[in-house]
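K.L.:
Have a look at this one before I ask anything.
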Amino acid sequence: MTWGVVFFPGSNCDRDCVHVLRSVVGQHVEEVWHEDRSLDGIDALVLPGGFSYGDYLRSGAIAATAPVMSAVRELAARGAPVLGICNGFQILAEAGLLSGTLLPNVSLRFRCHPAWVRVESDRTPFTAGLRHGTVLRMPVAHGEGAYFATPAEVAALEAAGRVVFRYCDSLGRVTPQANPNGSVAGIAGVASDAGNVVGLMPHPERASEALLGSTDGRRLFESVVGALVGAG
Amino acid sequence: MRAFRVTIMLKPGVLDAPGQAVQRGLDALGYRVEQVRVGKVVEMTLPDVEGAGVDEMCARFLANPLIETWAIEEIPQGAAT
């Protein structure tokens, strides 16, 4: 299968995502420029982290208007796996492809450290190969990662199994101390209604090689490969 | 041409982290301040005389309706240059 990684001006995890998908997971990867208007031939897509457009206006707001986003919408509507990591999550939320938004961290500080998340739903291609309740260790690195949605929206997400990841401690316990940014209900990642579009604040691409302290993040990408190749 | 100023503020109840940081700074300088809210101001000049579309610009892009409100006022031409 062929993966795409979108490069926006100010993306800074783009090369990391390409490296992991290509050299660690062994996938064919196409680098997609934000001005590209076609995603033909792409089976799964990653919107990487960074600070697109310097976080001007709101994180992800200007990138959400990029020419490539029309093609991202079409790809998502076709059911292809689309993953937004950190700034990529913010872009998908601003584009309306995911519910809610990301606010500045409650601590007012940029948080950059290892975190644990619990898999709360296996109805996305990125978690289909993981058991519900699996604890993953991946780093967070963001200043604006506090997930926010109205209570009604959060209830709807929970009821539909669209809360995909929740911050927890190393034993999988969801506690206020384990929540690095003040996200409502400890939400670290959510999915679209159909489940194929997922956004999360932690960085799976920075936790895909033993040298970097964790290989848990790799499981998200491998899950997609297993789901797509298995189905195809 | 007409010029407009859009003031964008976080909705009440949404955590305003910059506002809290500014309040701490004012506190540190010895000012007694009950509450600080930090927003954004966008000024723009439109080529048409209608002035239409500013509200739509806010709803679609300039503000996030989930967490922000906005107010639009017309300002003297040339003020937004």
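K.L.:
HN-Hα J couplings of region A:163-176 from phi, Karplus 6.51/-1.76/1.60, θ = phi - 60°, integer Hz, Gly and Pro as x?
P.N.:
Coupling constants for region A:163-176: 7, 9, 10, 10, 4, 8, 8, 5, 9, x, 8, 7, 10, x Hz.
K.L.:
Restricting to Cα atoms and excluding each atom paired with itself, what does the Kirkwood estimate give for region A:44-179 in Å? Let's see the in-between values first.
P.N.:
Working: mean 1/r = 0.0636 Å⁻¹.
The answer is 15.7 Å.
K.L.:
Further question: Looking at region A:1-68, which GluC sites (Glu not before Pro) are in a loop (DSSP not H, G, I, E or B) and have at most 11 other Cβ atoms within 10 Å? Walk me through the numbers on the way to the answer.
P.N.:
Details: sites: A:E30, A:E31, A:E35; in loops: A:E35.
Counting only loop positions with at most 11 other Cβ atoms within 10 Å, the GluC sites (Glu not before Pro) in region A:1-68 are A:E35.
K.L.:
Report, by chain and number, residues whose modeled amide H sits under 5 Å from the one on A:E30, excluding near sequence neighbours (fewer than 5 apart, same chain).
P.N.:
Residues meeting the amide H criterion: A:W3, A:G4, A:V5.
K.L.:
Name the residues whose placed amide hydrogens come within less than 5 Å of the amide hydrogen of A:E209, ignoring near sequence neighbours (fewer than 5 apart) on the same chain.
P.N.:
Correct list: A:S214.
K.L.:
Of all the Cα-Cα pairs you can form in chain A, what percent are over 31 Å apart?
P.N.:
Numbers: 2930 of 26796 pairs.
Every Cα pair in chain A considered, those over 31 Å come to 11 percent.
K.L.:
Here's a follow-up. Based on DSSP loop calls and a cut-off of at most 16 other Cβ atoms within 10 Å, the longest stretch of chain B free of exposed GluC sites (Glu not before Pro) is what? Please report the intermediate quantities before stating the final value.
P.N.:
Details: sites that count: B:E34, B:E50.
Longest site-free region, per DSSP loop and neighbour criteria: B:1-33.
K.L.:
Counting pairs of alpha carbon atoms under 8 Å apart in space and at least six apart in sequence, what relative contact order in percent does chain B give? If you can, show how the numbers build up before the last one.
P.N.:
Values: 115 pairs, mean separation 43.6, N = 81.
It comes to 54 percent, rounded to a whole number.
K.L.:
Here's another thing I want to ask about it. Per-residue HN-Hα couplings for region B:24-35, Karplus 6.51 cos²θ - 1.76 cosθ + 1.60 at θ = phi - 60°, whole Hz, x for Gly and Pro?
P.N.:
Karplus values, whole Hz, x for Gly and Pro: 4, x, 5, 4, 5, 8, x, 7, 8, 10, 5, 7.
K.L.:
Another one. Quick check on the protein assembly as shown: helices-only [θ] at 222 nm, where DSSP H runs of length 4 and up contribute -39,500 (n - 2.57) each and the sum goes over total residues. Nearest 500, please. Mind dumping the intermediate values first?
P.N.:
Numbers: 7 runs with 63 residues, N = 313.
That comes out to -5500 deg cm²/dmol.
K.L.:
Turning to a different aspect of this structure: Could you estimate the translational diffusion coefficient of chain B from the Stokes-Einstein equation, with Rh from the Kirkwood formula over C-alpha pairs, at 10 °C and 1.306 mPa s, in whole µm²/s?
P.N.:
Approximately 111 µm²/s, per Stokes-Einstein.
K.L.:
If each residue's Cβ is checked for other Cβ atoms within 10 Å, how do A:Y167, A:Y147, A:Y56, B:Y31 rank with the fewest at the top? Intermediate values should be presented prior to the final figure.
P.N.:
Details: A:Y167 27, A:Y147 30, A:Y56 12, B:Y31 9.
In increasing order of surrounding Cβ atoms, one gets B:Y31, A:Y56, A:Y167, A:Y147.
K.L.:
What list of ³J(HN,Hα) values in whole Hz, one per residue of region A:71-78 in order, does the Karplus curve 6.51 cos²θ - 1.76 cosθ + 1.60 (θ = phi - 60°) give from phi, with Gly and Pro shown as x?
P.N.:
Couplings: 5, 5, 4, 5, 4, 5, 5, 7 Hz.
K.L.:
So which trypsin sites (Lys or Arg not before Pro) in region A:147-191 are both in a DSSP loop and have at most 14 other Cβ atoms within 10 Å of their Cβ? All intermediate terms of the calculation are to be shown ahead of the outcome.
P.N.:
Details: sites: A:R162, A:R166, A:R173; in loops: A:R162, A:R173.
Answer by residue number: A:R173.
No lab work stands behind these numbers, since they all come straight from the coordinates. Everything numeric in this text was worked out from a predicted model, so none of it was measured. We place every Cβ from the backbone using ideal geometry, glycine too, and count neighbours over all the protein chains shown.
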